[in-house]
Amino acid sequence: MYLAEQTWPDLATADTGPVAFVPLGSTEQHGPHLPLSTDHVIAEGLARAAADRTGFLCTPTVNIGVSDHHRQFHGTMWVSPSSFRDYVEDFTRNLAYHGIDRVVFVNAHGGNEQHLQEVGRRVRADETAFATPWMWDESIPGLVNEVFETNGPHAGPKETSMLLHLAPETVKEGEFENARDGGLQDLGSAGHNRHGARVHYDTIENSGNGAFGDPTDASAEKGERIFEAACDELIQLAEWLADQRFVDLMPREHVDAGSTTDV
């Protein structure tokens, strides 16, 4: 059930269960071939499909995330990490007020991930809710590596395939070779680290056009395959959460030294 399409009386009587899907993405550059909406289109597509198939609630999508590392590319939008964390925490507590005490952050932007983890820690610490970030490609790493020769972490064939499946009219297929040749195919040559330290911060330092990987390896058929596999993982996660006792998802009691035993 998609929350924003309901009336409040409908929601008052609906049995949506204890879990909500919250899709989160970004509005940021994705090379010369994909739209700035790429991440939030993927996140919303997965969250709404999972909600339709389970009966759980899906909230409206958070379209702008922590994306300042793409700021040199036109159109990219971002908010500060602290603003993002506070905003997501506030509406997670809002869901809890309405009786939803398990939240899956359906995330499609890597820059959001560590901040969503922190929000999950905050709302769990005072036992308001259990919230966990879920990243679609991290749920099916074996399949992604099987399907794509050079999948790339950003604007590569996996995201391109997802968009060809979900919103093909937004993809510029004539720019695939340009994205590949003007971006970065081999991540091992990026020079990310020096003497054990990460020495870059912005995408432009590693990819001239913002793309990573080889989008010429993308197809709508591959996109459908990875979409369905990821959606199945998301559904299994949500159903598992729904089956848990809330108390078992909360922090454990302080360790009593007298009750421990030597191993």
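The values are calculated or read from the model by the stated rules, or taken from the named source; none is laboratory data. A quick note: this is a predicted structure, and the numbers were derived from the prediction, not measured. For neighbour counting, all protein chains shown are included, and Cβ atoms are generated from backbone atoms with ideal geometry for every residue, glycine included. Please note that ligands, DNA and RNA were not included when accessible areas were found on the heavy atoms of the full protein model with its side chains. Shrake-Rupley method; radii C 1.70, N 1.55, O 1.52, S 1.80 Å.
Please verify whether the stretch 38-47 includes one or more residues that are surrounded by fewer than 23 Cβ atoms within 10 Å (Cβ to Cβ) and either of a type in the set (Ser, Thr, Tyr) or without any contact (Cβ under 8 Å) to a residue 12 or more places away in the chain (or both). Within the stretch 38-47, none of the residues are surrounded by fewer than 23 Cβ atoms within 10 Å (Cβ to Cβ) and either of a type in the set (Ser, Thr, Tyr) or without any contact (Cβ under 8 Å) to a residue 12 or more places away in the chain (or both).
Which condition does Thr128 not pass, out of (1) touching a Gly at 6+ places or on another chain (Cβ under 6 Å); (2) surrounded by fewer than 20 Cβ atoms within 10 Å (Cβ to Cβ); (3) farther than 25 Å from Pro32 by Cβ, if it passes all the others? So Thr128 meets the others, but not (1).
Within the stretch 208-231, the set of residues being part of a loop (DSSP other than H, G, I, E, B) and touching a residue at least 40 places away in the same chain (Cβ under 8 Å) comprises Asn209, Gly210, Ala211, Gly213, Asp214, Ala218, Ser219. Considering only the stretch 29-49, state which residues are over 14 Å from the mean Cα position of the chain (by Cα) and either assigned to a loop (DSSP other than H, G, I, E, B) or hydrophobic (A, V, I, L, M, F, W, C) (or both). Within the stretch 29-49, Gln29, Gly31, His33, Leu34, Pro35, Leu36, Ala49 meet the criteria.
Conditions (1) surrounded by fewer than 19 Cβ atoms within 10 Å (Cβ to Cβ); (2) of a type in the set (S, T, N, Q), marked per residue:
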| residue | (1), (2) |
| --- | --- |
| Gln6 | yes, yes |
| Ala50 | no, no |
| Val66 | no, no |
| Thr76 | no, yes |
| Ser83 | yes, yes |
| Gly99 | yes, no |
| Phe105 | no, no |
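Quick check on the stretch 63-90: of everything there that is touching a residue at least 40 places away in the same chain (Cβ under 8 Å) and hydrophobic (A, V, I, L, M, F, W, C), which residue is nearest to Thr203 (Cα to Cα)? Among those that are touching a residue at least 40 places away in the same chain (Cβ under 8 Å) and hydrophobic (A, V, I, L, M, F, W, C), it is Phe73. When the stretch 222-263 is limited to residues that are surrounded by 12 or more Cβ atoms within 10 Å (Cβ to Cβ), out of contact with any His (no Cβ under 7 Å at 6 or more places or on another chain) and among the charged types (D, E, K, R), the one that is nearest to Ser139 (Cα to Cα) turns out to be Glu233. The number of residues in the stretch 84-126 that are part of a loop (DSSP other than H, G, I, E, B) and within 29 Å of Ile226 (Cβ to Cβ) comes to 3.
When the stretch 53-62 is limited to residues that are out of contact with any Lys or Arg (no Cβ under 8 Å at 6 or more places or on another chain) and in contact (Cβ under 8 Å) with a residue 40 or more places away in the chain, the one that is most open to solvent (accessible area, probe 1.4 Å) turns out to be Arg53.
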